[in-house]
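As structure tokens, the structure follows; a few thoughts come after it.
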């Protein structure tokens, strides 16, 4: 049983995000980066499946050298080896181009039974890459998975849907995106962190994946970020003091004339 | 209010930019274990994650539940149980321990760093595995091979806990007055019947681990009086079976636990050994070297206690900072006469800013002092150069009482200031500073009161090896001060520090002379020993902050140059824009604040000590006891 886990390195959820005017990325200076919390659920599930069924867990990410910190976290949890996609050609990849690169890497890796990833990355919250990868590979997928039982040639999963849960049996190979509740991700142990260093990590370029110049990075993307901006600051509220008879008409007037809600 | 905040940027700065981990990783010990700086940073990050996600949420819960004693059974807060196993199963209970017996073999500096996170997020919890690790280390260092085989792996993996049993009702600071006895058992080599009572034993029992291994100071019949006649014994709560498993009771009872001001989750036990004449212990090493062996553990614990203080001070400072940025109260000081002036958050008020900066400066100074000492321990243990080993081991001995006493005293004042910053809410248990403050107080008392630390510094550490350790330390500091003087950004700081160091040294010289006095003035060194220790602590805080400032200033200027910030307006804009620039700038400002506002305490103390006043030694106190 081979499971591939797709991961992303993201700013720590406590980060106070700053956007510099005119730029298309957040200000990344001094930000603490971590493994995307939803990807931790995916990695944990893959490792649990390996512990129960045997086989191997391969972690894959598209990211700069710095992203190896997130890879090492997954390896320290118990994944067996990793693939990192890097190079100038990938710069400016949107969800589509990222999914394409990951799908190519997965095809190159081959021979997989299951692909797991977080339901979304907590930085851009777009929740697209996992499902796109499945479409590109032509395999079935299910999102928001909260339970997963691997059977013979198929997985039985429970996924969250509006107002309830849905149970499905899906033929493998397939792709699942992990929702909170799927499991309790383990902490990497100290021996795990030490072992992570000796695990294999392949770095592949767009060329290694056979991606043409117009298929990767900004050129291979369907969308481009034009501008990022912070939400407007909320104005301070107004407090009315006095007897109800006096202030109610004032409030009603302002609701009608300024707020235009009545 | 369960979150634990630590200034991670400062932690990373100290580890990677100020001290650096690369040199350590070059030592053959750590090369063999294949450590590198990235890996050590990963460990630091994972330690923090565990502290924030698992230990912090149970800090208040454990405090409220408190440890209990129910019919002689010590009950540790239920919320500690599962996290304890996660902690030890992930290796945190054996960070620096011997890899031959299942330890992780990490450098001390990483243990120091994660120790900050564990103690800062949950001081009571962190104590049990911390003591176990140190107790096992004593067996590792001084025990027989058989004892190592028998105890180490189970202690390093946390299956068994460990304690240190020194204090008795009549033997607190005066350990030599202990009465616990060890009677040789005929026909059983190295085996003794233990009879006596100990008290104030931290985690003296628990209902988590299968066994508890006590290290007990006791004297054999006919042993010399005082500390020269004490042996150290391994006394398990449950006897160890032939096959190494835990067996029947070893006649160690915990009749009661103390009710305390803080650290409620940690059971502070009275322990009775051999009430039924059935308690057996094994002697460690030489029969009269117990104090020497126990000092291995005490020195580790003293550094840990200093760290507990610093860690909670750091957490309290962060809590106060956050609160001050949220809490609106009053208008800006310049608009006091305008009735309609908008309200501002309290971090805008100058007095609050003074408190915040004071807490920041002390916290960062203490962090640098403790992490540096951690690094010195690594150099002392593992350097491949024998001279270097000797030098740094000496520095660690010298710095240990300062780390313990200065950091615990200062930390309590920082937590108190954090409470003050919160106003009335800080005194309420709804906010975390109340617990930080009450948990921190014990750190100046246990593990040798701070007065004992001051006497250790004065009577043992300063004169150690004919004063040569202190001289070599001062020489190194002076060389480094010379470099700070050559740097425009730190020249003024270095001048102030040199002055403070000279004054401190003059006080030491004066004390040496006074000890020969026949008058009451012979007491002056003892009346003021704590002041001398604080002078050294304040000096060292300032010194480390200045060295950090020198690095930070260089990096700040490099960012300014890179971003073309050449005038005040551009720099102000850069500080708003760039977290990195702001961090480095704040390091320099913090050092500047310390030199101007806090370092002068050294001068004040020096002038007070030089008055040689002995009024407190005269017959001045009303007698309240018949």
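If the condition is being surrounded by 17 or more Cβ atoms within 10 Å (Cβ to Cβ), assigned to a helix (DSSP H, G or I) and either within 14 Å of chain A (Cβ to nearest Cβ) or over 22 Å from the mean Cα position of the chain (by Cα) (or both), then the range B:58-70 contributes only B:65. Screening the candidates B:220, B:209, B:227 for the property of being crowded, with 17+ Cβ neighbours inside 10 Å and out of contact with any strand residue (DSSP E or B) (no Cβ under 8 Å at 6 or more places or on another chain) yields one hit, B:227.
In the set (1) touching a strand residue (DSSP E or B) at 6+ places or on another chain (Cβ under 8 Å); (2) modelled with pLDDT of 95 or more, residue B:19 fails one condition alone, (1). Considering only residues that are surrounded by 24 or more Cβ atoms within 10 Å (Cβ to Cβ) and within 22 Å of residue B:348 (Cβ to Cβ), which ones fall in the range B:401-420? Answer for the range B:401-420, where residues must be surrounded by 24 or more Cβ atoms within 10 Å (Cβ to Cβ) and within 22 Å of residue B:348 (Cβ to Cβ): B:414, B:418. Across the range A:209-218, the qualifying residues are those that are surrounded by fewer than 19 Cβ atoms within 10 Å (Cβ to Cβ) and in contact (Cβ under 8 Å) with a residue 40 or more places away in the chain, and the one among them that is nearest to the other protein chains (Cβ to nearest Cβ) is A:218. Of the residues making up the range B:544-569, those that are surrounded by 12 or more Cβ atoms within 10 Å (Cβ to Cβ) and farther than 21 Å from residue A:30 by Cα are B:544, B:546, B:547. For the range B:500-521, a residue qualifies if it is more than 22 Å from residue B:466 (Cβ to Cβ), more than 28 Å from the chain's Cα centre (by Cα) and either at pLDDT 95 or above or surrounded by 14 or more Cβ atoms within 10 Å (Cβ to Cβ) (or both), and the qualifying residues are B:520, B:521.
Being more than 22 Å from the chain's Cα centre (by Cα), in contact (Cβ under 8 Å) with a residue 12 or more places away in the chain and closer than 17 Å to residue B:271 by Cα is the filter here; which residues of the range B:155-176 pass it? Those that are more than 22 Å from the chain's Cα centre (by Cα), in contact (Cβ under 8 Å) with a residue 12 or more places away in the chain and closer than 17 Å to residue B:271 by Cα: B:168, B:169. Those residues that are surrounded by fewer than 18 Cβ atoms within 10 Å (Cβ to Cβ) and either in contact with a helix residue (DSSP H, G or I) (Cβ under 6 Å, 6 or more places away or on another chain) or within 23 Å of residue B:407 (Cα to Cα) (or both), I need them from the range B:481-497; list them, please. Listed by number, the residues that qualify are B:485, B:487, B:491. Among the residues of the range B:100-119 satisfying the criterion of being within 10 Å of chain A (Cβ to nearest Cβ) and part of a helix (DSSP H, G or I), which is surrounded by the fewest Cβ atoms within 10 Å (Cβ to Cβ)? So the residue we want is B:114. The condition of being within 14 Å of another protein chain (Cβ to nearest Cβ), at pLDDT 90 or above and either farther than 30 Å from residue A:148 by Cβ or in a helix (DSSP H, G or I) (or both) holds for only one of A:199, A:235, A:180, A:195, that being A:195.
In this structure, residue B:129 does not satisfy being under 20 Å from residue B:312 (Cβ atoms), part of a helix (DSSP H, G or I) and within 12 Å of another protein chain (Cβ to nearest Cβ). Here residue B:136 clears all of (1) within 13 Å of chain A (Cβ to nearest Cβ); (2) within 29 Å of residue B:19 (Cα to Cα); (3) at pLDDT 95 or above except the condition numbered (1). Scanning the range A:1-16 for residues that are more than 18 Å from the chain's Cα centre (by Cα) and free of Cβ contacts under 8 Å to residues at least 40 places away in the same chain gives a single hit, A:16.
Confirm whether residue B:179 is within 25 Å of residue B:276 (Cα to Cα) and in contact (Cβ under 8 Å) with a residue 12 or more places away in the chain. Spelling it out, residue B:179 is indeed within 25 Å of residue B:276 (Cα to Cα) and in contact (Cβ under 8 Å) with a residue 12 or more places away in the chain.
Results for (1) within 18 Å of the chain's Cα centre (by Cα); (2) free of Cβ contacts under 8 Å to residues at least 40 places away in the same chain, shown as yes or no for each residue.
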position	(1), (2)
B:393	yes, yes
B:403	yes, no
B:406	yes, no
B:415	yes, no
B:421	no, no
B:431	no, no
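The set of residues in the range B:7-40 that are in a loop (DSSP other than H, G, I, E, B) and either within 19 Å of residue B:554 (Cα to Cα) or within 11 Å of chain A (Cβ to nearest Cβ) (or both) comprises B:20, B:33, B:34, B:35, B:36. Collect the residues in the range B:558-570 that are in a helix (DSSP H, G or I) and either within 13 Å of chain A (Cβ to nearest Cβ) or without any contact (Cβ under 8 Å) to a residue 12 or more places away in the chain (or both), keeping them in residue-number order. B:558, B:559, B:561, B:562, B:563, B:568, B:569, B:570 - these are the residues of the range B:558-570 that are in a helix (DSSP H, G or I) and either within 13 Å of chain A (Cβ to nearest Cβ) or without any contact (Cβ under 8 Å) to a residue 12 or more places away in the chain (or both). If the condition is being surrounded by 16 or more Cβ atoms within 10 Å (Cβ to Cβ), out of contact with any helix residue (DSSP H, G or I) (no Cβ under 6 Å at 6 or more places or on another chain) and closer than 18 Å to residue A:57 by Cβ, then the range A:110-138 contributes A:112, A:113, A:114, A:115, A:130.
Residues of the range B:71-88 that are surrounded by fewer than 22 Cβ atoms within 10 Å (Cβ to Cβ), more than 14 Å from every other protein chain (Cβ to nearest Cβ) and assigned to a helix (DSSP H, G or I): B:78, B:79, B:81. There is no residue in the range A:242-253 that is at pLDDT 90 or above and within 13 Å of chain B (Cβ to nearest Cβ).
The values are calculated or read from the model by the stated rules, or taken from the named source; none is laboratory data. What you see is a predicted model, and the numbers here were worked out from it, not measured in a lab. In this analysis, Cβ positions are derived from the backbone assuming ideal geometry, glycine residues included, and neighbour counts consider all displayed protein chains.
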